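Trainee: This is the structure, below, for whatever I ask next.
The values are calculated or read from the model by the stated rules, or taken from the named source; none is laboratory data. Since the model is a prediction, treat every value here as computed from it, not as a measurement. Methodologically, a virtual Cβ is constructed for each residue, glycine included, from the backbone with ideal geometry; neighbour enumeration extends over all protein chains shown. In case anyone asks, the SASA skips ligands and DNA or RNA and just uses the protein heavy atoms, side chains included. Shrake-Rupley method; radii C 1.70, N 1.55, O 1.52, S 1.80 Å.
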Amino acid sequence: MAEGRNQSNIVMFPFMAQGHLIPFLALARQLELRKGYTITIVNTPLNIQRLRSSLPPETCIRLAEISFCATDYGLPPDSENTYMLSDDDGFRLLEASENLESPLRNLLMEITERDGFAPVCLISDMFLGWTVKVANELGIFHSVFIAGVGYSMAIYFSISLNTSLWQTDDEEFSLPDFPEATKIRQTRIPNALKYMDAAEPWFGFRKRQFMYCLHSDAILLNTIEGLGQNGVKYFSRKTGGKPVWTIGPVSSLMIKNERLSSNANSYSEWLNTHPPASVLYVCFGSQSCISPSQMKELAMGLEASSNAFIWVARPPVGFILTEEFRTEWLPDGFEERMKKLKRGLLVHQWAPQQEILSHVSTGAFLSHCGWNSVLESLCQGVPIIGWPLAGEQFFNSHMLEKEVGVCFELREGNTSEVIRHDHIASVIKMVMDKTGKGEELRSKAHAIREKMEEAIREGEGFKGSSVKAMDEFISTATSGKEVSYPPWK
Ligand SMILES: O=c1ccn([C@@H]2O[C@H](COP(=O)(O)OP(=O)(O)O[C@H]3O[C@H](CO)[C@@H](O)[C@H](O)[C@H]3O)[C@@H](O)[C@H]2O)c(=O)[nH]1
């Protein structure tokens, strides 16, 4: 064991996107609760600023900046987060992140000099797989924290690592390195993965990072034991038997804190005026959006359903998310009409999602099925209407509908066809109904919530599966490791 290793500094490095920073911050706060560890989150200056404003005053989590100049990579000035970028610039930011290798190495060496001992563990993002090289060089235990569920992330890794496997004309195909998964339909492959040959930079990037991830010392998944569990087998096999721990949902702590502080804001006041389980919450995560014509159909569908709703309605495809909202994107007079009738509340930038989902009046979530949103919904026993748009969301939505029974997909697969408002309205009515399919979805969502609560419960001689997994991870990570030299050396 290296000298000073018992004084544990855990360094965390999330990718620069809200859907990644949020679960990393939640994990950092979970780790902070385990006394005896110093937690340091590394990121670029503007993301550090954002993280700083999200931390509670009493925290001991440290934030460390590494410098990054967006314009050096052809990005607009101050672009440090995919949130404000077009898809093309988002890919450019991903590629640019590979250049953070030497700043990260320098930072880890500075931390070592300052503290007099090396960090004990580096937890990095799956898109920052290259950090494995740095950790290996410095003799630091490396772990990848994947903010998703095993089943979907295994498919995402498998199709990213083997283009030839799925570029077939067959309607369905199997993944030879993930036989536990049922056949995958072509229609479930998102465009960004589909129309791509191996020479494409985005394909090359994913393949490189995911290969590195498979050389990490451990994989952490933000889910509970038994949910998408066949993906755990995939990662265990692909890493040559390295530990794969399901430690989620890591956001449970934040949910509890946010509930405490949620009493008097305009959202809870509005929700308080509606009966229990009567409001539909609509949001497509931190950065996905729908086409302009689809946006109008969704508005018409919400109106036709006669159901109350909160909709995080941001600019449609083709516009930057931070752009000022234009009424022309919605049917004439829609927003004022909904407001006057107290039927619908539109949010144009950022909603306190966990707080809305935890309110007793929220009855269902129309979601793109990003994994953070899924967990936040199920932690509150709120069923989902699945409208996947990108990434592994199609696999999440499929698993949640077919295996878990807590989701009803608005449509199957990835198509550019506009979903008509009458279909949207009828699905909303069915899912919000207190009987039939709506009741079935709600009762299964409650059952999953109980499983999640059990996984993170601790006390009176009992430890849930996620608590045990976290214990094992910490004990393995902090017991020191032999420095192994990976194949790229
Ligand atoms: O108005 C908003 C919008 C979003 N959120 C939060 O932002 C996060 C969004 O995360 P997620 O639902 O996972 O969506 P994305 O931001 O799209 O997440 C990316 O990262 C996820 C985790 O890796 C993947 O599952 C997704 O496919 C990928 O798009 C959640 O914590 C939400 O609570 C808010 O608080 N308010």
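Trainee: In terms of Cα to Cα distance under 20 Å, which lysines are near enough to residue 342, apart from those fewer than 8 places away along the same chain?
Mentor: Output for residue 342: 296, 429.
Trainee: Nearest-5 percent of antiparallel DSSP beta bridges in the chain?
Mentor: Values: 4 of 48 bridges.
Percentage antiparallel, nearest 5: 10.
Trainee: Further question: For residue 65 and residue 468, what does the FRET efficiency come to when R0 = 30 Å and r is the distance between their Cβ atoms, rounded to the nearest 0.05?
Mentor: In this case the efficiency is close to 0.30.
Trainee: Any idea how far the Cα center of the stretch 110-148 sits from the one of the stretch 209-224, in Å?
Mentor: Taking the Cα centre of the stretch 209-224 as reference, the centre of the stretch 110-148 is 13 Å away.
Trainee: Have a look at the stretch 253-452 and give its Rg and Dmax from the Cα atoms, expressed in angstrom.
Mentor: Rg and Dmax of the stretch 253-452, Cα atoms, are 15.6, 45 Å.
Trainee: Still on this structure, I have one more. Using only the alpha-carbon atoms, how far is helix 150-161 inclined from the longest principal axis of the chain? Give it as 0 to 90 degrees, nearest 10.
Mentor: Taking the Cα atoms of the chain, the angle to 150-161 is about 70 degrees.
Trainee: Per the Kirkwood treatment, what hydrodynamic radius in Å, one decimal, follows for the stretch 293-353 from the mean inverse distance over all distinct Cα pairs?
Mentor: Details: mean 1/r = 0.0833 Å⁻¹.
That comes to 12.0 Å for the stretch 293-353.
Trainee: If you don't mind, there's one more thing I want to ask. What is the diffusion coefficient of the stretch 324-370 in µm²/s, taking the Kirkwood radius over Cα pairs and the Stokes-Einstein relation at 25 °C with a viscosity of 0.890 mPa s?
Mentor: Values: Rh = 12.7 Å.
Using the Kirkwood radius from Cα pairs, D works out to 193 µm²/s.
Trainee: If you don't mind, another one. Per the 1.4 Å probe, what fraction of the accessible area of the stretch 3-65, in percent, lies on carbon and sulfur atoms?
Mentor: Carbon with sulfur: 48 percent of the solvent-accessible area.
Trainee: Identify all lysines with a Cα-Cα distance to residue 451 below 25 Å; exclude those on the same chain that are fewer than 8 residues away in sequence.
Mentor: Partners within reach: 233, 256, 402, 434, 437, 463, 468.
Trainee: Also, quick follow-up: Can you tell which of 322, 399, 446 lies farthest toward the positive end of the dipole of the stretch 253-452, using +1 and -1 charges on the Cβ of basic and acidic side chains (Lys, Arg; Asp, Glu)?
Mentor: Among 322, 399, 446, the one farthest towards the positive end of the dipole of the stretch 253-452 is 446.
Trainee: Moving on to the next point. Among the lysines, select those whose C-alpha is under 21 Å from the C-alpha of residue 133, and discard any that sit fewer than 8 residues away in the same chain.
Mentor: Cα-Cα hits under 21 Å: 207, 238, 242, 481, 489.
Trainee: Plugging the Kirkwood radius over Cα pairs into Stokes-Einstein for the stretch 17-154, at a temperature of 10 °C and a viscosity of 1.306 mPa s, what D comes out in µm²/s? Before the final figure, lay out each step's value.
Mentor: Numbers: Rh = 16.0 Å.
Roughly 99 µm²/s, to the nearest whole number.
Trainee: Give the accessible surface of the stretch 124-216 per residue, rounded to a whole number of Å², with probe radius 1.4 Å and ligands, DNA and RNA excluded.
Mentor: Dividing the accessible area of the stretch 124-216 by its residue count gives 33 Å².
Trainee: Considering only protein heavy atoms and a probe of 1.4 Å, how much of the accessible area of the stretch 110-178 is carbon and sulfur, as a whole percent? Please report the intermediate quantities before stating the final value.
Mentor: Values: 840 of 1990 Å².
That share works out to 43 percent.
Trainee: For the stretch 253-452, with every protein chain kept in place, what is the accessible area per residue (1.4 Å probe, Å²)?
Mentor: Ligands and nucleic acids excluded, the result is 41 Å² per residue.
Trainee: Moving on. Arranged from highest to lowest average of other beta-carbon atoms within 10 Å per residue, in what order do the peptides 355-364, 124-133, 341-350 appear?
Mentor: Details: 355-364: 21.8, 124-133: 23.6, 341-350: 16.2.
My ranking of the peptides, most packed first, is 124-133, 355-364, 341-350.
Trainee: List the pair-distance distribution P(r) of the chain, using every Cα-Cα distance, as the percent of pairs falling in each 20 Å bin from 0 up to the bin containing the longest distance, rounded to whole percents.
Mentor: 23, 58, 18, 0
Trainee: Computed over the Cα atoms of the stretch 123-216, what is the ratio Rg over Rh, Rh following Kirkwood? Show your work: numbers first, answer last.
Mentor: Working: Rg = 14.4 Å, Rh = 14.3 Å.
Value, to two decimals: 1.01.
Trainee: Continuing with the same structure: Helix 201-213 sits at what angle to the longest principal axis of the chain, using alpha carbons and giving 0 to 90 degrees rounded to 10?
Mentor: Compared with the principal axis, the helix lies near 60 degrees.
Trainee: So for each of 321-329, 26-34 I average, over its residues, the number of other beta carbons within 10 Å; can you give me the resulting order with the highest mean first? Numbers along the way, then the final one.
Mentor: Numbers: 321-329: 12.2, 26-34: 19.6.
Packing proxy ranking, top to bottom: 26-34, 321-329.
Trainee: How far is helix 465-477 tilted, in degrees, relative to the longest principal axis of the Cα atoms in the chain, given as a value from 0 to 90 rounded to the nearest 10?
Mentor: Once rounded, one gets 30 degrees.
Trainee: Another question, if that's okay. Determine, for each peptide in 312-318, 64-70, 152-158, 18-24, the mean count of other beta carbons within 10 angstrom over its residues, then list the peptides with the highest first.
Mentor: Details: 312-318: 18.1, 64-70: 16.4, 152-158: 25.6, 18-24: 22.3.
In descending order of packing, they fall as 152-158, 18-24, 312-318, 64-70.
Trainee: Calculate, in nm to one decimal, what residue 208 and residue 137 gain on full extension: separation in residues at 0.36 nm each, minus their alpha carbon distance. Each step should come with its number before you reach the end.
Mentor: On the way: separation 71, 0.36 × 71 = 25.56 nm, distance 1.81 nm.
This chain segment gains 23.7 nm when fully extended.
Trainee: What is the percent carbon and sulfur in the accessible area of the stretch 307-378, measuring with a 1.4 Å probe over the protein chains and ignoring ligands?
Mentor: The value for the stretch 307-378 is 55 percent carbon and sulfur by accessible area.
Trainee: In nm, give the distance between the simple-model label positions of residue 163 and residue 291, each being 7 Å from the Cα along the Cα-to-Cβ direction.
Mentor: 2.6
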